[in-house]
Amino acid sequence: MLAALYSPWLRVPVLAIVVVTLQTVVISQIQIAGACPDLVVLVAVVAGLVGGPQRGTAAGFVTGFTYDLALTTPFGLWALVLCVAGFLVGLSRNEAIRDNRWLQMGIVFLGSAAVIVAYATVATVFGSEGVFTLHLVPTALVVAVVNAALTVPAMRVARFAVLAGDRRPV
Amino acid sequence: MASLPVGRRRLLILFVITALVLLTFDQRGNRVLDGARTSFLTVTAPLRAVSRLAAEPIGNAWKGLTNYDDLKRQNDELRDEVEAQDGAAIAAEAVMYENQQLKSSAGLPTLTGITRVKAEVVSGEPSNFDQTITINQGSRKGIKVGMPVIAGGGLVGRVEEAAPRQSVVRLLTDPESTVGVRFASRPCTAAGSPTTAPPTTAPTAGATTATTTTTAPTSTGAPTLPAAGEPVKGAPVQAPATTVPPSTTTTTAVTRVDTELGRVRGRGRGNPLEVDQVDAEACLSLGDAVVTAGVTESLFPRDIPIGRVSTLERRPGSLDLLVRVKPVVDLQKLSIVQVLLYDGDAAFAGK
């Protein structure tokens, strides 16, 4: 039982529920240029950065699935986008990035912006209307800038959840 | 470039396929997924309440700091508007009452006869791509999916999910939201252009403001095409000899004609709504009121205000008019709403 507390299989879902709740209740009320920050995207991106492609995929899927439960958008869309995002960001993980905060922030910035654009694209492909508009530009920028600013604390939280019980150095 | 280990690829493929399966089921409508969402809403309700309580003071302080000037300006403007509309509101209430009486006697559903559940908005739009709000009343109060939601001056949206103690409401501004509407247009002259007398107020729920009370009710259930020999749309309608005696308060026998129908769609947060399927020859003007059409089997009862026409463009070569509507309700600042316990099918079946 105690060992389960150290398992990412427990910590990641709990983190996902907490972050999704905070996002939908608190963070979504903060409006900057008509868009709100998105911590759920941040969690998926830094999970890949911290845990690599395999853990990034799993964490992205779990986080996206939880986000889909809380929203009325097509079910499975966030799970699809975030699991691929976690995987792709995880591929960029290497020694150079591990020691360079600015590089980490840059990857989170680009990854977050790409996730927003990818979500709008995939949503449009699956029939959602009014998603792929000019408003996507400020939305992607707001999400990317805020996520980049929160990279350092987010990576600490991600290490706690995704690398739970793992004694390998990050 | 080295190829990816098989394990990584398999995991990614597994998750992608799972997500695609979920999407496919959701596109076709799946009660398990709907139930999962409702259950998630119920289970996380305490956590959401705690988060909201904890964040409310910070949010209020932030809004006070960033929006103070706007709030002050809006407050001043609203005071002026309220004063200007007091008189018009009194006249509108009298007309609305008469309208509801006439509909009742004709056996038509009326807004005054619909039970309402008052609810507080507990959380606003949850993400950049989801135009919904959560309210603190649910199926325990009789709320069901599809029921219309109003606030103050007009329509807000409809219930999308209904848990026992909470419900999710899809706002009018959501691109997935569509509502059948009609225009409370001014009567047209013989040349087809509207008359110059503008309406003095947006119609309150259930009202069809008119310059006279002489005619038979202009709303007679599902809109029908004019019979042979009757005036075409937009032209003044003559009062039949057998109806209520003409009013002594006006010298003109002109009745507002509500015949233009369309379908309004959301265009995202803060954007005006867009109306589809409006004939290019329609007799419309900027400022015309837009209300729910309430046709047979509609999810919405008739005559709920939606907004006013803010854009009219006649596009060359198109059969439709580009019409945009500014909602009468500020959907970004909702706090108290009412859910109409309205069943469209039952209403038109006379139950």
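Read-outs: derived from the displayed coordinates by stated rules, not from any lab. Remember, it's a predicted structure, so these values are computed and weren't measured experimentally. Quick reminder, even Gly has a Cβ in these numbers, built from the backbone with ideal geometry, and neighbours come from all protein chains shown.
Things worth noting here:
- Here the peptides B:298-305, A:62-69, B:43-50, A:80-87 are ranked by packing, the mean other Cβ count within 10 Å, and the order with the highest first is A:80-87, A:62-69, B:298-305, B:43-50.
- √(5λ) per eigenvalue of the Cα gyration tensor, the stretch A:46-140, largest first, Å: 25, 16, 9
- About the centre of its Cα atoms, the stretch A:1-160 shows a dipole size close to 440 debye [charges on the beta carbon of Lys, Arg (+1) and Asp, Glu (-1) only; nearest 20 debye].
- With the simple model of a label 7 Å out from the Cα in the direction of the Cβ, B:Ile17 to A:Leu103 spans 3.6 nm.
- Based on C-alpha pairs under 8 angstrom that are at least 6 apart in sequence, chain A has a relative contact order of 28 percent.
- q = 0.08, 0.10, 0.11 Å⁻¹: log10 I(q)/I(0) that the Debye formula gives for chain A, counting C-alpha atoms only: -0.21, -0.34, -0.41
- Phi-based couplings in Hz for the stretch A:140-151 (Karplus 6.51, -1.76, 1.60; Gly and Pro marked x): 4, 5, 4, 5, 5, 5, 5, 5, 4, 5, 9, 4
- Under Karplus coefficients 6.51, -1.76 and 1.60, residue-wise ³J(HN,Hα) of the stretch A:17-25 in Hz, glycine/proline x: 5, 5, 5, 5, 5, 4, 4, 6, 9
- Violating pairs (Cα-Cα greater than 21 angstrom) within the set B:Lys118/B:Lys141; B:Lys141/B:Lys333; B:Lys63/B:Lys333: B:Lys141/B:Lys333
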